[in-house]
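Here's the structure we're looking at; comments come further down.
The values are calculated or read from the model by the stated rules, or taken from the named source; none is laboratory data. On a predicted model such as this, the values are computed, not experimentally measured, just so you know. Cβ: placed from backbone, ideal geometry, glycine included. Neighbour counts: every protein chain shown. Side chains included, ligands, DNA and RNA excluded: accessible areas come from the protein's heavy atoms. Shrake-Rupley method; radii C 1.70, N 1.55, O 1.52, S 1.80 Å.
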Amino acid sequence: MSMHKKNLLFYSLFACLFVFYISACTRTHHSGIVPGAVWYDTEGNPINAHGGGIMYHDGVYYWYGEYKGDSTYLLDWVKTWECWRADAGGISCYSSKDLVNWSFEGIVLPTVPQDTQSDLHPSQVIERPKVIFNDKTKKFVMWMHIESPDYEKAHAGVAISDSPTGLFTYLGSFKPNGGDSRDQTIFKDDDGRAYQIYASEWNNTLYIGLLNDEYTQHTGVYTRNFINQSREAPAVFKHRGRYYLISSGCTGWDPNIAECAVADSMLGEWRVIGNPCIGEGADSTYNAQSTFVFPIAGRDGQFVAMFDRWNKTNLIDSRYVWLPLIFEKDKPVIEWNKEWTLN
Ligand code: DGJ
């Protein structure tokens, strides 16, 4: 080999190694969960998935959330409350096998900037998406809170997809059972039935409605719960045959104390059992608000409680507070932990 060829080979090899080194440096790897810190995805970008929920499917966790626009503004024409908001950026999805390192799967329900009348126009509000899989139709079904900028519309929106990573097809929005639907979640039970849990009657009363077999509409069967107690941000989970519901009070973007209730069936009577949070910051839910609770796969009685620490004047910089939820006898308990691992 000539000297010239040898040099060329050496420099090409060096360039490859350099590119490999730079890309390895820019990829982010976490070993634990740090509640309240900026959480970077595997490409090194801050995760943008607020008010989110988790779906576990075929060994992978999918995190769906609100993709918030990067400028926050106050709608001063809304006089009834401090209406801080950011443009809607659609619904994002991240995937992970270890719950710590998350890869960005893209915007799985994009906005529709060209249609000012669309629910999905960036000027509207798209919040608290949750996704479940329908074993009969094989569709992934997303429910979300659809709003006008002043939060007066109070609709539930539905979208479906053949794949967990989208794209989702938007089916539209409506007032379930003829009433308001604001903060919401979806719960799929072991028997295949699914429910929407949503703040109704101007956020005064929390409704639980049974969905149809396709999970795309309500059946008309529903219950009114916590009547006139103004509960929002519902998160539902099941343990040893009983149902648990964590919610917050209604104080806009500001934190308040969480409350947990228990029931023997989703449409049954709910009994309040108090604040599940303990330790430092428990009275303000660690300066955050509930969004979802999910079981850790293969770990009996071990859950992750997801909260949002809203930053109302810079909403995109709202942080994620994820904490372990365990059971002490039959009471769920969440304790502040500044860094934790699944071990
Ligand atoms: C509280 C809700 O829980 C949030 O999802 C959001 O709608 C804010 N209110 C808006 O102030």
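Structural remarks
- Among the candidates LYS153, LYS136, residue that is within 14 Å of the ligand (Cβ to nearest atom), more than 30 Å from SER31 (Cβ to Cβ) and either outside any strand (DSSP E or B) or touching a helix residue (DSSP H, G or I) at 6+ places or on another chain (Cβ under 9 Å) (or both): LYS153
- Within the range 318-336, considering residues that are part of a loop (DSSP other than H, G, I, E, B) and open to solvent by 60 Å² or more (accessible area, probe 1.4 Å), the one nearest to PHE307 (Cα to Cα): TRP336
- The test for being among the aliphatic types (A, V, I, L, M), more than 26 Å from LYS329 (Cβ to Cβ), open to solvent by 20 Å² or more (accessible area, probe 1.4 Å) and assigned to a loop (DSSP other than H, G, I, E, B) does not hold for ILE257.
- For GLY249: the one exception among (1) free of Cβ contacts under 8 Å to residues at least 40 places away in the same chain; (2) buried (at least 17 other Cβ atoms within 10 Å of the Cβ); (3) away from the ligand (no atom under 16 Å from the Cβ): (3)
- Look at (1) open to solvent by less than 30 Å² (accessible area, probe 1.4 Å); (2) among the acidic types (Asp, Glu); (3) part of a strand (DSSP E or B); (4) farther than 19 Å from PRO164 by Cα and you find that ASP87 fails only one, number (1).
- Pair list, Cβ under 8 Å, 6 or more apart: the range 79-93 residue under 18 Å from GLY69 (Cα atoms), other residue among the basic types (Lys, Arg) and within 14 Å of the ligand (Cβ to nearest atom): TRP84/LYS312; ALA86/LYS68; ASP87/LYS68; ALA88/LYS68; GLY89/LYS68
Residue-wise test of (1) within 25 Å of GLU82 (Cα to Cα); (2) surrounded by fewer than 16 Cβ atoms within 10 Å (Cβ to Cβ); (3) under 18 Å from the mean Cα position of the chain (by Cα).
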| site | (1), (2), (3) |
| --- | --- |
| SER148 | yes, yes, no |
| ALA156 | yes, no, yes |
| PHE174 | no, yes, no |
| ARG182 | yes, no, yes |
| TYR195 | no, no, yes |
